[in-house]
Amino acid sequence: MIELPDLVAGGLAVGTLSALALLGGLLRSRRQQAAQREEIARLRAQLDGAPLAFTSEVEHLAARRVPAAARQLAHPHVVVPGPLNPQHAGTPLGVAMEHVLKGLRTELAAQRTRIDAAAQAGMRGATREIQAGLYRLQDALRGLQQRYDDPELAQTLFQLDHENEQSLRRAQVAAVVCGAWVGLAREESHLVEAVTGGQARLAGYHRVRVHNHLEAGTALVSHAVEPVAIIVAELLDNALRHSAPDTDVTVSLEHVHHGVCVTIDDAGLGMTQDERARAQRMVAGTEPILLTDLGDPPRMGLAAIGRLTRQFDLSVDLSSPSPYGGVRAVLLVDSHLLTRIDPAAQPPAASAPRSTRKNVPTAVHSYGSEQDEEAAGSGHHSPGDAGGLPQRRRRTRAAAPPTEPEPRPPARRPEDAAAALGALQSGTAAARARDDDAAPAVQHETEQTDHEGGAAR
């Protein structure tokens, strides 16, 4: 039988335990409530600061990220900053802002292309008018050259013609960059004439040394003559501009397996790896050309080369440095752009350097023919084959009846004008030098004759 004190003690123990359990639950509840209040306060503070954070992020987007993204279109090296708060990267807010930048880039690129296309169209129209005026001036100058024989006047006219030729080249290059046609159709021509024709369009043409190692009669098909002349002129212009004025620019014409290479070497400062890579991309013509990418003032030479290499299936390589320390440019003309002209019936211009090749077999190049080689080697031709020589045409017409009107002489080509100017200047200098050297001898002979005459008297 359980005694009363034991029951009381047991009840007290159970009550104490129950009170302790209730007290522990109450403490836990209070701690949880405190944590919940802290979390609520934190969330409330975060919610109150969300508009401020969003506003700051948008301001950062407008002030820093959007301008950088716009500049990056023209200058790829520009870095676009990330979000102001790195924690936003990958969040819905960060993804939404990246979409804003992507849409901005797309629209700016489209607008830039449309604006540049409009500018190119306007420049095409302007250069067309300029070219027409320069061609008229060229015809007038060459008409005066053929009309007057005074040496001083002829030299002045040659200089004016050469200046006009340089202006015409610049207008032509601008037109080509803007998508216009080359603007001049020419007949099949000796390849060396196309090279010297490009040389004749430059102010420093006298610094260019051309070494012709091609087989005599190697020529270009008609539609490739002017593009090759333009490309050579622009490559030579770069070489002359970026090398010292007392150095020469060397041009070598060589046969290769797939055609002909025109190699241009200068002794300038050369290019860095990045500059060479950018220049190679320009001349390859694989990237769209925008006038805003060409600098201020725009440098159009390489851009024009890129247009022509893509249009006429030519290739230019700028990846190798020159052995003279500058830049080496190699123009490759494939075999399908080559043909052959009988050098006896239609010899190259007097200014063109003669080929260093002797007795080359005709089977080396597929674009030649045995009949053409035999005609070139024999040196015999019929009177009709001499139509390209002005002297033979004049002799033939001299035997014609006097009632027949005298035909107008053929128009002088740019390379002939430059060669004539150089020949005239060289001849004048040589004549003056001979006169200066001969003067003492003449004076000595005169004095000796007078002395002998006096003795005889």
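The values are calculated or read from the model by the stated rules, or taken from the named source; none is laboratory data. All values reported here derive from a predicted model rather than from experimental measurement. Ideal geometry is used to build each Cβ from the backbone, glycine not excepted, and the neighbour counts take in all protein chains shown. We work out accessible area using only protein heavy atoms, side chains counted, and drop any ligands, DNA or RNA first. Shrake-Rupley method; radii C 1.70, N 1.55, O 1.52, S 1.80 Å.
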*Classify segment 261-339: rounded, prolate or oblate, from the alpha-carbon gyration tensor (a ≥ b ≥ c, eigenvalue square roots; a/c under 1.5 rounded; otherwise prolate if a/b is larger than b/c)?*
oblate
*Please report, largest first and rounded to whole Å, the three semi-axes of the ellipsoid equivalent to segment 43-198, where each semi-axis is the square root of five times an eigenvalue of the C-alpha gyration tensor.*
62, 14, 13
*Mind giving me the nanometre distance, one decimal, between the label points for His242 and Leu137, set 7 Å out from Cα along Cα→Cβ?*
2.9
_Let me make sure I get this right: for segment 172-272, a, b and c are the square roots of the gyration tensor eigenvalues over alpha carbons, sorted descending. Under 1.5 in a/c it's rounded, otherwise prolate if a/b > b/c, else oblate. Which is it?_
oblate
*Which whole-Hz couplings ³J(HN,Hα) result when phi for each residue of segment 322-336 is put into the Karplus expression 6.51 cos²θ - 1.76 cosθ + 1.60, θ = phi - 60°, listed in order with x for Gly and Pro?*
7, x, 8, x, x, 10, 10, 10, 10, 9, 9, 10, 5, 4, 6
*Using a 1.4 Å probe on the protein chains only, how many percent of the accessible area of segment 97-248 belongs to carbon and sulfur?*
57
*What's the extension gain from Val79 to Ser167 if we count 0.36 nm per residue and subtract their Cα-Cα distance?*
27.6 nm
*asked:* Apply the a/c threshold of 1.5 to the C-alpha gyration tensor of segment 151-195 and tell me whether it is rounded, prolate or oblate.
replied: oblate
*Subtracting the Cα-Cα distance from 0.36 nm times the residue separation, let me have the gained length for Thr272 to His213 in nm, one decimal.*
18.1 nm
*Non-local amide H neighbours of Val210 (under 5 Å, H modeled in plane, Pro and chain starts lacking H): which ones?*
Val251
*By average Cβ neighbour count within 10 Å, what is the ranking of 308-318, 126-136, 54-64, 254-264 from highest down?*
308-318, 254-264, 126-136, 54-64
*State in Å² the accessible area per residue of segment 75-200; use a 1.4 Å probe, count heavy atoms of protein chains only, and round to the nearest integer.*
54
*asked:* For a protection proxy built on the mean count of beta-carbon atoms within 10 angstrom, sort 234-242, 296-304, 30-38 highest first, please.
replied: 234-242, 296-304, 30-38
*asked:* Modelling each spin label as a point 7 Å along the Cα-to-Cβ direction, I'd like the His99/Ile40 distance in nm, to one decimal.
replied: 3.5
*Per principal axis, descending, Cα span of segment 77-146 in whole Å*: 81, 21, 11
_Using 0.36 nm times the number of residues separating Glu188 and Arg30, minus their current alpha carbon distance, what extension gain do you get?_
46.7 nm
